[in-house]
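Q: Structure incoming, see below.
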Amino acid sequence: MNKNLLKVVSLSLVASMGFLMAGCADTTAETAAEGEFTTVTPGVLTMATNAYFPPYEFYEGSDITGIDAEIAQAVADKLGLELVIEDVEFDSIIAGVQSGKYDIGCAGMTVTEERLQSVNFTTPYATGIQSIIVAEGSDITDLDTLIESGCMVGVQSGTTGDLYMTDEVGEERMDRYNKGNDAILALLNGVVGAVVIDNQPAQSFVDANPGLVILETPYTVEDYAMAVNKDNEALLEAINQALAELTADGTIDSIIETYIPSEEV
Ligand code: ARG
């Protein structure tokens, strides 16, 4: 087991404890916090995402939709803000939130110790598990055979899958792509022997591409949360308050259920 896994798992525990504590405090207040938060553009909640991560974010025509887009919309409604979504490279999201370009990063983004050095995270609203995708009939059947195979590994650049696999197989075997879809194409074309990506996008990609399978090897369990600029505590609190209300009234569950029917979340 690698040490990043332990780090992420223990972080998840801390994050869920924070969530429970926030839940307790929130029972006294029914409405979204009316703190003095500011946003990059007044009246607008600017969200950065990378929209090739179904069912969390993906294009429907020219619109970006999915679990994150809908949860962020519900949060923006609570805060009386208009939601504007910007589709950017995944590994530029944290820096953009940190530099004050975007109000939030909302991208199926895992809470990690390293990212917490640069941004704050809201209370988690979903979980993800890193999955390994291979071609049907591949000799790679689990993490150990993947490591032994000597194959190239496809990941989305800057993701936790990238981080873990670099640790496991070393830099020279990593093939990094800006979009999850492109990593999948590389797998279909035999350029990489496996793709490591979060379980729900993995499922969507496998459903859309016959001949690929997800290995039954639960790898890590991660919390997804929104990244917020460290100097904008008031916005963080207002979003957490909105998320608590949207959790309490079942909105978040029903959004997730729309995209991931009868999944435990
Ligand atoms: N959960 C992973 C991470 O935070 C992958 C997220 C990728 N998200 C996206 N919208 N492309 O690193």
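Q: Among the numbered conditions (1) open to solvent by 20 Å² or more (accessible area, probe 1.4 Å); (2) within 16 Å of the ligand (Cβ to nearest atom), tell me where Gly105 comes up short.
A: Gly105 satisfies every listed condition except (1).
Q: Which condition breaks for Val213 when tested against (1) surrounded by fewer than 22 Cβ atoms within 10 Å (Cβ to Cβ); (2) within 17 Å of the chain's Cα centre (by Cα); (3) not in a helix (DSSP H, G or I)?
A: Among (1) surrounded by fewer than 22 Cβ atoms within 10 Å (Cβ to Cβ); (2) within 17 Å of the chain's Cα centre (by Cα); (3) not in a helix (DSSP H, G or I), the lone unmet condition for Val213 is (2).
Q: Exactly one of (1) assigned to a helix (DSSP H, G or I); (2) hydrophobic (A, V, I, L, M, F, W, C); (3) over 22 Å from Val88 (Cβ atoms); (4) open to solvent by 40 Å² or more (accessible area, probe 1.4 Å) is unmet by Leu185. Its number?
A: Status for Leu185: all satisfied but (3).
Q: Still on this structure, please answer the following. Please indicate, with yes or no, whether at least one residue in the stretch 173-187 is more than 22 Å from Asp87 (Cα to Cα), in contact with a Ser or Thr (Cβ under 7 Å, 6 or more places away or on another chain) and of a type outside the set (A, V, I, L, M, F, W, C).
A: Looking for residues that are more than 22 Å from Asp87 (Cα to Cα), in contact with a Ser or Thr (Cβ under 7 Å, 6 or more places away or on another chain) and of a type outside the set (A, V, I, L, M, F, W, C), one finds none in the stretch 173-187, hence no.
Q: Shifting gears a bit: When the residues of the stretch 57-87 are filtered to those that are open to solvent by less than 30 Å² (accessible area, probe 1.4 Å), closer than 15 Å to Ala227 by Cα and under 16 Å from the mean Cα position of the chain (by Cα), which remaining residue is nearest to the ligand (Cβ to nearest atom)?
A: My answer is Asp68.
Each row is one residue, and each column tells you yes or no for (1) over 26 Å from Ile256 (Cβ atoms); (2) modelled with pLDDT under 95; (3) away from the ligand (no atom under 14 Å from the Cβ); (4) not in a strand (DSSP E or B).
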| residue | (1), (2), (3), (4) |
| --- | --- |
| Ile132 | no, no, yes, no |
| Ile140 | yes, no, yes, yes |
| Leu146 | yes, no, yes, yes |
| Asp162 | no, no, no, yes |
| Asp175 | yes, no, yes, no |
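Q: Scan (1) free of Cβ contacts under 8 Å to residues at least 60 places away in the same chain; (2) open to solvent by 20 Å² or more (accessible area, probe 1.4 Å); (3) within 16 Å of the ligand (Cβ to nearest atom); (4) in a loop (DSSP other than H, G, I, E, B) for the single condition Ala95 breaks and write down its number.
A: (4)
Q: Here's a follow-up. Name the residues in the stretch 188-210 that are in a helix (DSSP H, G or I) and open to solvent by 20 Å² or more (accessible area, probe 1.4 Å), would you?
A: Answer for the stretch 188-210, where residues must be in a helix (DSSP H, G or I) and open to solvent by 20 Å² or more (accessible area, probe 1.4 Å): Leu188, Asn199, Gln200, Gln203, Ser204, Val206, Asp207, Ala208.
Q: If you go through the stretch 18-39 one residue at a time, do you hit one that is assigned to a helix (DSSP H, G or I), out of contact with any helix residue (DSSP H, G or I) (no Cβ under 9 Å at 6 or more places or on another chain), within 16 Å of the ligand (Cβ to nearest atom) and at pLDDT below 90?
A: For the stretch 18-39, residues assigned to a helix (DSSP H, G or I), out of contact with any helix residue (DSSP H, G or I) (no Cβ under 9 Å at 6 or more places or on another chain), within 16 Å of the ligand (Cβ to nearest atom) and at pLDDT below 90: absent.
Q: Can I ask one more? Which of the residues belonging to the stretch 113-130 are farther than 17 Å from Ala202 by Cα, open to solvent by less than 40 Å² (accessible area, probe 1.4 Å) and either assigned to a loop (DSSP other than H, G, I, E, B) or within 12 Å of the ligand (Cβ to nearest atom) (or both)?
A: Arg115, Ser118, Val119, Phe121, Thr122, Thr123, Pro124, Tyr125
Q: Looking only at the stretch 229-247, decide whether some residue is under 19 Å from the mean Cα position of the chain (by Cα) and assigned to a strand (DSSP E or B).
A: No, the stretch 229-247 contains no residue that is under 19 Å from the mean Cα position of the chain (by Cα) and assigned to a strand (DSSP E or B).
The values are calculated or read from the model by the stated rules, or taken from the named source; none is laboratory data. Quick caveat: nothing in here was measured; it's all calculated off a predicted structure. Ideal geometry is used to build each Cβ from the backbone, glycine not excepted, and the neighbour counts take in all protein chains shown. What goes into the accessible areas is simple: the full protein's heavy atoms, side chains included, and nothing from ligands, DNA or RNA. Shrake-Rupley method; radii C 1.70, N 1.55, O 1.52, S 1.80 Å.
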